[in-house]
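Colleague: Take this structure first; my questions come after.
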Amino acid sequence: MAFSGGSDSLALLHLLRALGESWPLKLSAAHFDHGLQPESAASASRAAEVCRRAGVPCDVGRTNGLAGGPAEWRAARYAFLADARRRAGADRVALAHQRDDHVETVLMNLLRGPGFRGLAGIPARRAAFVRPLLGFSREELRGYLRATGREWAEDPANRNPRYRRSRMRHGLLPALAAEEPSVRALLAELGRNALVAEGGLEAAARRLLSAAGYRESADGAQIARPRLLGYDRAARGRMLRHVARDMGFRVSRRGTRTGAAFLDAGESGRGVDIAAGLRVEREFDRIHVRRGREVPLDHELDIDRTRARRAGRGPLRLGGNAWEVRWSALEGTERWATAFPVDRIRFPIRVRGPQPGDRIRTRAGSRKVAKLLMECRVPASDRAGVPVVVDADRRVLWVAGHSRAAVEPIDSGGAWFAIGFTERRDRNDDSRGT
């Protein structure tokens, strides 16, 4: 479970512990220190101590100098929680979002002008992340804590008017409640109705697809185009998104518009990409939704301090690209190589692909890695294969081949950690020819 130390996560911790007394449940906690406030390290220590007293192990992750805004912080936090789940061997990550969080999300999404999916608010489950407290209000959870004599920590960021959710919670929602006392119940009902409407539209899309001869094929799915053209464009777009989700893809609004327009006017033998790795093609009166070339699963690489002390090498696979990583003693044949002062980096070093929220701090200032790769004219389809070197604080040290962080040694005579990349022909790459 994710544990911040606030009232919601404290209630979740003790409710899950109580559940474990009558249900086979192995519970562990994970706390992420964003490093955004001077007292965050002390808060992380307190959170770990609360878990220790409750008899629950706590995995604490820390980062320094995390830039960007709430979206980037959220991406870094969820990446840590996904890693913590793998380390703990857990099936699920329980999050402490409750009914008031859900209502705030419905209102924020309403102001963005979303479809029914956005109006449905916070989902009770998405992939491995589950939210068992959505049926309780914040005050109900705090009442439980008071009744059981437990104290929680307050996060000052929750009242910072700089953040949109804080302005919703302490400004807009109270103002709306002054005009309509039942506004929170009405927004919660709107979320429920939107969820029902979304489910109904999805069921209708399934029926329309079935009537259009939808069937799965070896590389995706196919549909009869004449029947598709009998539906309006909104229905065709929803049907495309439904097929994409069945195949494990999420299609943006832009991708939906592109696909729906192609269904109207695309020529036989042509196709368009509607998402990374997903393509819509026309073959006479059949529409095919096909996966791109299958890319082997990524294989990241960790180098701890013990391994870093001696020369070594290891395999890396990112976005279908295969590399050999060499460290400590390079051969001079590497495509890209650099070195970092050991006294300024914290092991273990991880080599992985770019992630949402990644930023690199150079002498010119802090930059988003995604924007850096775009400015370097790296095609979007190739960006997942760019090696990114981060340290234990999740600080980006190097975007290989593009930019190195400004990391200067404390002791000019100290030790350095060298690392380099060499492209290699992967044994499973069938593009070798005969």
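Colleague: Whole number in Å², please: accessible area per residue of segment 1-131, 1.4 Å probe, ligands, DNA and RNA not counted.
Modeller: 48 Å²
Colleague: Picking from Phe340, Phe421, Phe284, which is most flexible by a Gaussian network model of the chain using Cα springs under 10 Å?
Modeller: Phe284
Colleague: Scan around Arg62 for amide H atoms under 5 Å from its own, H built in the peptide plane at 1.01 Å from N, and keep only partners 5 or more places away or cross-chain.
Modeller: Correct list: Asp33.
Colleague: Another question about this same structure. Skip the ligands, DNA and RNA, and give the accessible area per residue of segment 271-417 with a 1.4 Å probe, whole Å².
Modeller: Per-residue value: 53 Å².
Colleague: Taking the Cβ of Ala128 as the centre, find all other residues whose Cβ is under 11 Å away and add up their charges (Lys, Arg: +1; Asp, Glu: -1).
Modeller: Overall, the nearby charge balance is +4.
Colleague: Take each uninterrupted DSSP H stretch in the chain, measure its Cα extent along the helix axis, and return the ones at 24 Å or beyond whose mean Kyte-Doolittle hydropathy is at least -1.0.
Modeller: Details: long enough: 70-88 (26 Å, -0.74); 183-211 (41 Å, 0.53).
The qualifying helices are 70-88, 183-211.
Colleague: Continuing with the same structure: What is the local net charge at Arg167, summed over the other residues whose Cβ is closer than 14 Å to its Cβ (Lys, Arg +1; Asp, Glu -1)?
Modeller: Working: positive: Arg159, Arg162, Arg164, Arg165, Arg169; negative: Glu104.
Around Arg167, the surrounding residues sum to +4.
Colleague: Further, regarding this structure: Specify the residue with the greatest mean-square fluctuation among Val93, Val272, Val60, computed from a Gaussian network of the chain linking alpha-carbon atoms under 10 Å apart.
Modeller: Answer for the Gaussian network model of the chain: Val272.
Colleague: Take the solvent-accessible surface of the protein heavy atoms, probe 1.4 Å, and return the percent of it on the chain that carbon and sulfur atoms account for.
Modeller: Whole-percent figure for carbon plus sulfur exposure: 51.
Colleague: So, one more: I want to verify a result. In a Gaussian network model of the chain, Cα cutoff 10 Å, which of these has the top mean-square fluctuation: Ala76, Ala29, Ala88?
Modeller: Fluctuation is largest for Ala88.
Colleague: Above 13 Å lies some portion of the pair distances; for segment 67-136, what is it as a whole percent of all C-alpha pairs?
Modeller: Values: 1697 of 2415 pairs.
Roughly 70 percent, rounded to a whole number.
Colleague: Which one of Ala261, Val243, Ala197 has its Cα pushed farthest toward the positive end of the charge dipole of the chain, where Lys and Arg give +1 and Asp and Glu give -1 at the Cβ?
Modeller: Ala261
Colleague: If a cysteine in the chain has no other Cys Cβ under 4.7 Å from its own Cβ, put it on the list, ordered by number.
Modeller: Cys with no partner Cβ under 4.7 Å: Cys376.
The values are calculated or read from the model by the stated rules, or taken from the named source; none is laboratory data. In this text the structure is predicted, and so the values were computed from the model without any measurement. Quick reminder, even Gly has a Cβ in these numbers, built from the backbone with ideal geometry, and neighbours come from all protein chains shown. Note: areas computed on protein heavy atoms with side chains; ligands, DNA, RNA excluded. Shrake-Rupley method; radii C 1.70, N 1.55, O 1.52, S 1.80 Å.
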